[in-house]
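First the structure, in the form of structure tokens, and then the observations on it.
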Amino acid sequence: MRYFITGTAGFIGFHLARRLLEEGHEVVGFDGMTPYYSLRLKEARNAALVQFPSFHAVMGMLEDGTLVKDSIAAFRPDVIIHLAAQAGVRYSLENPKAYLDSNLVGSWNVLEAAREVGVGHLMLASTSSVYGASPGIPFHETDKADEPLTFYAATKKAMELMAHSYAHLHKIPTTAFRFFTVYGPWGRPDMALFKFVKAMTEDQEIEIYGEGKMSRDFTYIDDLVDSIIDLSAVVPAEDNRVPEIDTLSLQGPFRLVNIGGGQPIGLLDFIETIETIMAKPARRKMLPMQKGDVPRTFASPDLLLALTGRKPETTLSVGVGEFLEWYRQHEHEIG
Ligand SMILES: NC(=O)c1ccc[n+]([C@@H]2O[C@H](COP(=O)([O-])OP(=O)(O)OC[C@H]3O[C@@H](n4cnc5c(N)ncnc54)[C@H](O)[C@@H]3O)[C@@H](O)[C@H]2O)c1
């Protein structure tokens, strides 16, 4: 199969592309190498992908609609998986325009290219952040999710809605997935696991927001990749509608799916797991909740399970162990 993936120098795009290449598929990866975090890390991921003869990298920004369209038209993919975005909850307070440009204009360019070129399945990365501070747990895809707490969440929700309209108007089969705190080797330096391990390795304090009372439904990267690949084969259509819990639209081939295991973990338990695996206590600095933070995330995996027959299951201690092993090997080259 031919996969066009945006964001392949990023954490999730790298893992997804590598797996597909290992399985013998052809991949074109589109990434603008934005300076949001260490370019050395992005370059190292890209260098690992270009080892595969069936990988081709396009360096460019999503905001360049002509380049996005021409790259897709030249490759004629079976599936487009749009992962590139300005990610990060906290940075959206500092630099909202980056989110507007990448997540709205950039995503619209991907939609336009899909409309003009045509594609069998368009898949888009949204986020658990769209549920905001929803008190109803677990979070079901059918829940009302229109009270975003951050501009990041607002742009992702808007992307979901834009994609729905394109699915309706132009009959583009579209799956939008909502990811829940993804972690693992080659992970993002702005996320908690990376920051905690780095600080603990360097004998620095770790900053614990919300006085440690927050919880997150962590998803191990390999499980996430399994789910994306499983879902790529489930092209939204009436014949795969799941009774009662489905989000498959009545107006077009569009579906929203959570990718999360439904096993949230408290921040303090998360830290204890890291301490156990590193065999080292953390020096804790307790801080209040930050603006825009949500107290908890908790996925209902029911729709994912019904569509694919499995859900993320890797335990936190296994996943953190894998991250640590990677971190120790690569610490010097990712600065
Ligand atoms: N990692 C998580 O826990 C998580 C959770 C929820 C949703 N998501 C979503 O999953 C997707 C992938 O996240 P990730 O963790 O791999 O992030 P990442 O930042 O590691 O990867 C994103 C990649 O997109 C590229 N990019 C960003 N803006 C671009 C632009 N305008 N043009 C071209 N390239 C651009 C970056 O250079 C980067 O390599 C994102 O859409 C993110 O919002 C991630």
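The values are calculated or read from the model by the stated rules, or taken from the named source; none is laboratory data. Owing to the predicted nature of the structure, the values given are computational and were not obtained by experimental measurement. To get the accessible areas, we keep the full protein, side chains included, count just its heavy atoms, and leave off ligands, DNA and RNA. Shrake-Rupley method; radii C 1.70, N 1.55, O 1.52, S 1.80 Å.
See the values below:
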{"quantity": "Computed over the chain: relative contact order in percent, which uses C-alpha pairs under 8 Å that are six or more apart", "calculated": "19 percent"}
{"quantity": "Solvent-accessible surface ranking, highest first, for LYS144, LYS198, LYS156, LYS97 at 1.4 angstrom", "calculated": "LYS144, LYS97, LYS198, LYS156"}
{"quantity": "CD proxy at 222 nm, helix term only [per DSSP H run n ≥ 4: -39500 (n - 2.57); per residue of the chain; nearest 500]", "calculated": "-12000 deg cm²/dmol"}
{"quantity": "Rh (Kirkwood; distinct C-alpha pairs) - the chain, Å", "calculated": "20.1 Å"}
{"quantity": "Dimensions (Å) - the stretch 178-315, Cα atoms, principal axes, largest first", "calculated": "55, 28, 20"}
{"quantity": "Largest-first principal axis extents, alpha carbons of the stretch 272-316, Å", "calculated": "43, 32, 8"}
{"quantity": "In sequence order, calculated HN-Hα J values of the stretch 71-82 (Karplus, 6.51, -1.76, 1.60; Hz; x Gly/Pro)", "calculated": "5, 6, 5, 5, 8, 6, x, 6, 9, 10, 10, 9"}
{"quantity": "Two-decimal Rg to Rh for the stretch 234-335 - Kirkwood Rh, Cα set", "calculated": "1.11"}
{"quantity": "The stretch 45-176 - percent relative contact order, Cα under 8 Å, separation 6 or more", "calculated": "28 percent"}
{"quantity": "Listed pairs LYS291/LYS311; LYS42/LYS285; LYS97/LYS291 exceeding 24 Å between Cα atoms", "calculated": "LYS291/LYS311; LYS42/LYS285"}
